[in-house]
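Input: a single structure, listed below in structure tokens.
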Amino acid sequence: MTEKLTKTALTPATHTTPPARFSHGVRKGNILQVAGQVGFGPAAEGQAPTPVGPGLREQTLQTLANVEAILREGGASWEDVMMLRVYLTDTAHFPELNEIYNEFFAGLQEAPAARTTVYVGLPAGLLVEIDALAVLG
């Protein structure tokens, strides 16, 4: 008989409740999926989250911090990430994104995660969204 794996929703203390019925992250067995995160800083109780700044750099760094918070909540690290998907609102931001990305991940010891970059429309003021898939153990 096969053991049934528990699916666990992950919401770090730094994150607000999602605006719809989804989880910021979900772990089942050794798989952890991080939902698309944006550059929102922690919101005060009862207030809507807002972007940390108008620029790509500050939003990307906050977005990566938000992804990392969910990875940690699920017992993972960047070394466990197999795939990142980056969603940009402006094709002109691609070179700057690569600079920020290369700086951020410069210290990883293992092979870098696979990455896909897609151009999309996001709510007003948001420039980037990132999701991740991690495999633990």
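The values are calculated or read from the model by the stated rules, or taken from the named source; none is laboratory data. Model, not experiment: these values are computed from the prediction. Don't worry about glycine lacking a Cβ; one is built from the backbone with ideal geometry, like all the others, and counts go over all protein chains shown. In case anyone asks, the SASA skips ligands and DNA or RNA and just uses the protein heavy atoms, side chains included. Shrake-Rupley method; radii C 1.70, N 1.55, O 1.52, S 1.80 Å.
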Selection within segment 116-137 - part of a loop (DSSP other than H, G, I, E, B), in contact with a Leu (Cβ under 8 Å, 6 or more places away or on another chain) and free of Cβ contacts under 8 Å to residues at least 60 places away in the same chain: VAL120
Some residue of segment 14-30 being of a type outside the set (A, V, I, L, M), at pLDDT 90 or above, closer than 27 Å to ILE100 by Cα and over 15 Å from the mean Cα position of the chain (by Cα): no
Residue in segment 63-74 that is open to solvent by less than 80 Å² (accessible area, probe 1.4 Å) and charged (D, E, K, R) present: yes
Residue among PHE40, PHE94 that alone is closer than 26 Å to TYR119 by Cβ, surrounded by fewer than 18 Cβ atoms within 10 Å (Cβ to Cβ) and aromatic (Phe, Trp, Tyr): PHE94
Matching residues, segment 92-115, being over 17 Å from LEU127 (Cα atoms) and free of Cβ contacts under 8 Å to residues at least 12 places away in the same chain: ASN102, GLU103, ALA106, GLY107, ALA111, PRO112
